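The values are calculated or read from the model by the stated rules, or taken from the named source; none is laboratory data. If you're wondering where the values come from, they're calculated on a predicted model, not measured in any experiment. When we count neighbours, we look across all protein chains shown, and the Cβ atoms used for this are built from the backbone with ideal geometry, even at glycine.
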Amino acid sequence: MNLFWSHTIWYLLLGLAIVIQVIYTLYHSENRMRTFAFYLSIVGLPLYFETFILIFFDAYTYSPEIIRSPNLDPFNDVLTGNLFSQFGVASSALLLTIRRKSFHWGVIVAFLYCMLEEFFKALDIYQQHWWKTWMTFIGLLLLFTISKWLYAHIVRGVRPIYYYGYIVLAMFPVSTILFQWGVLDLLGLMRFTEALSSNPQISRFGIWITFVSISYPIIVWGYFQQHLKRKIAAVTLVGAIIYFGYKSHLIIFRAGLFVPISILLLLWMCLSVWMINILYSGRPKCRCH
């Protein structure tokens, strides 16, 4: 209980602020479905970036003390703190973009996040290693700028190949975080091996990032194909990748559950693309050839 009041409560308050920002932005949006879909894509941007600096370069550590089960990797708690952070900055980027706020508002918001970062450091619920707060400031200004640029293009209409990129980014929170990590990994149904490197986290997440970076574009491409054979080929190819990972012990499944979990994973990927595409109001209007 002491850890809840000293650590967890601050992350939950940040989560509440995130929900308020997103709801406020959606309320003032002209196209709420597209806005929410764009939020998912924007979440994907800092998540991809932070995966590298947090896991591969050990930039900092979060300590929300939310996942403390002795049966789970303690690093999952760090990832949980990371999610609060990245969903938070993405919600602010969305707000600034949809409300068409000028650059100086971005500076103000970035400065407030830096103050929050220093506050979390003072509470010892977030620790920086080589990362500095001024880097957060610059990174946020860059994120806000990219967010406005991406939104302007998706509103005007983009070529299918670029639109696929929006969907791939949105699949990171919808498929990777919500299902693969939040369900399969935490329940011990499917994990990526930690034995490929001397650093277990680099092994685990290095393979994970490689897997989603290859499989998501294939699934998205297959979804938008007119010919059923191409759709089946795309799903089959990703299924073959999963099977290869299983046979080579890169992907570890709970005993006896390889087939049902693999099928469920493929279905979730396809469902994620369908849902995100629906939220984006059916763009692109024409199926690509």
So which residues in the stretch 137-162 are closer than 16 Å to Arg34 by Cβ and surrounded by 20 or more Cβ atoms within 10 Å (Cβ to Cβ), if there are any at all? Ser147, Leu150, Tyr151
Considering only the stretch 103-112, I want to know if a residue exists there that is assigned to a helix (DSSP H, G or I), buried (at least 20 other Cβ atoms within 10 Å of the Cβ) and more than 20 Å from the chain's Cα centre (by Cα). yes
Buried (at least 17 other Cβ atoms within 10 Å of the Cβ) and either out of contact with any Gly (no Cβ under 7 Å at 6 or more places or on another chain) or in contact (Cβ under 8 Å) with a residue 12 or more places away in the chain (or both): is that true of Ala234 in this structure? yes
Has the stretch 51-59 got at least one residue that is surrounded by 21 or more Cβ atoms within 10 Å (Cβ to Cβ), within 18 Å of the chain's Cα centre (by Cα) and in a helix (DSSP H, G or I)? yes
The stretch 115-131, residues that are of a type outside the set (S, T, N, Q) and either surrounded by fewer than 16 Cβ atoms within 10 Å (Cβ to Cβ) or assigned to a loop (DSSP other than H, G, I, E, B) (or both): Met115, Glu118, Phe119, Lys121, Ala122, Leu123, Asp124, Ile125, His129, Trp130, Trp131
Of everything in the stretch 1-37, what is touching an Asp or Glu at 6+ places or on another chain (Cβ under 9 Å) and surrounded by 14 or more Cβ atoms within 10 Å (Cβ to Cβ)? Give them in sequence order. Leu3, Ser6, His7, Thr8, Tyr11
Any chance you could count how many residues in the stretch 63-72 are in contact with a helix residue (DSSP H, G or I) (Cβ under 8 Å, 6 or more places away or on another chain) and either among the hydroxyl-bearing types (Ser, Thr, Tyr) or surrounded by fewer than 22 Cβ atoms within 10 Å (Cβ to Cβ) (or both)? 5
Single match in Ile108, Ile138 (criterion: modelled with pLDDT of 95 or more, touching a helix residue (DSSP H, G or I) at 6+ places or on another chain (Cβ under 9 Å), farther than 28 Å from Trp221 by Cα and of a type in the set (Val, Ile, Thr)): Ile138
The listed residue being buried (at least 17 other Cβ atoms within 10 Å of the Cβ), touching a residue at least 12 places away in the same chain (Cβ under 8 Å) and more than 20 Å from Tyr48 (Cβ to Cβ), out of Arg99, Arg204, Arg191: Arg191
Considering only residues that are touching a residue at least 40 places away in the same chain (Cβ under 8 Å) and of a type in the set (A, V, I, L, M, F, W, C), look in the stretch 73-91 and name the one that is surrounded by the most Cβ atoms within 10 Å (Cβ to Cβ). Ala90
